[in-house]
Each structure stands twice: as C-alpha cells, then as structure tokens.
Amino acid sequence: MMKTKLHLYSLLLLCCFLFGANMSCTNKEETIKNTQEKITDFLTTEGIDSDYILLVPNSGCPGCISTAGLFIKDHYQNKNLFVILTRISSVKTFEIRTGIQVDSTSNIIVDQQNHFLINGKNKIYPALFTWKNQRLEFKGYQKPKNDIFGYLQKKLQ
C-alpha cells in the first residue's frame, strides 16, 4: 500500500513538472507570436518594405544594447534595415550616444508605449526578424553566444 502511494505521488509530481515545462514553452512562443503580430500589423499599415527588422530594448543586457547602438550607428541609413527602439527612457540619450537624429530618420521608430515589447526573460535582448512578402519571421536574439549582428552585417552588404 505504501509503495503504491509512493508511485502515485511520483507520477503526480512528474505530471506537474511536465505540465509546467510545457506551459513555459507555450508562454515563450505566445510572447514572440504576439509581438510578431503587432509588428506585422505596423509594418503592413505603414508600408515598410525593409528586409530586416531589428527590435532593440534600450535597457537590458548591457553589452548587447551597446553593441546594438554601434550597429545601428553604422547601418541606420541602409534601407533594408528597419529599427524599432522599445523600452527607451530617453530618446535624447540615444541620439547623443549614436549621433543619429531619430526624428529625421525614416527607418527608425521609437516605441514610446512599449507596444512591441517582448515579455519574458528575453526582453533584455535585441531581436531580429526578417520581413518578406508581408510575412515576419523571428530569426533570433543578440546574446553573448548568438551573434545576430554578425549575421545581419553579412546580409546588409
């Protein structure tokens, strides 16, 4: 009898663990999916035809954000790149840091309401999407072990 209860509790614990892991994956997919839908609606409405969409949070992974700023500074005039700055506390600070006047640049927008914010643990990383035939595809995050800027550098040449 005691052995049966132990097996039953073990099975119940395993089911709870698997259900929780599944919910975690689903939430990550839903977060990206929701953000993709919002960005897709915006790009379609505004008639944006850049091939690459870079979503950059102003605060987060310090090395990733500063790398993003340098990358944007070098490539902001490339019409195949569209940049969305989100979670930005000061446009002026961004402009001073990069030397870019955001208001006079057609392929950079500031998401003041954080409408395009990716929630969850990856919200601190810049994210790259491709935009082709009215379809937005998530390519990845800029992380210490994932160099989306290197990939994008090659594509923009």
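Gain on full extension, evaluated as 0.36 nm per residue between Arg97 and Ile48 minus their Cα-Cα distance, stands at 15.1 nm.
How about the stretch 60-157: which trypsin sites (Lys or Arg not before Pro) there are in a DSSP loop, with at most 15 other Cβ atoms within 10 Å of their Cβ? Sparse-neighbourhood loop trypsin sites (Lys or Arg not before Pro): Lys79, Lys145.
Relative to the Cα centre, the charge distribution of the stretch 51-157, modelled as +1 at Lys and Arg Cβ and -1 at Asp and Glu Cβ, gives a dipole magnitude of about 320 debye.
Read-outs: derived from the displayed coordinates by stated rules, not from any lab. Predicted model, so just to flag it, every value in this text is computed and none were measured. Please note: Cβ atoms are built from the backbone with ideal geometry, for glycine as well, and neighbour counts cover all protein chains shown.
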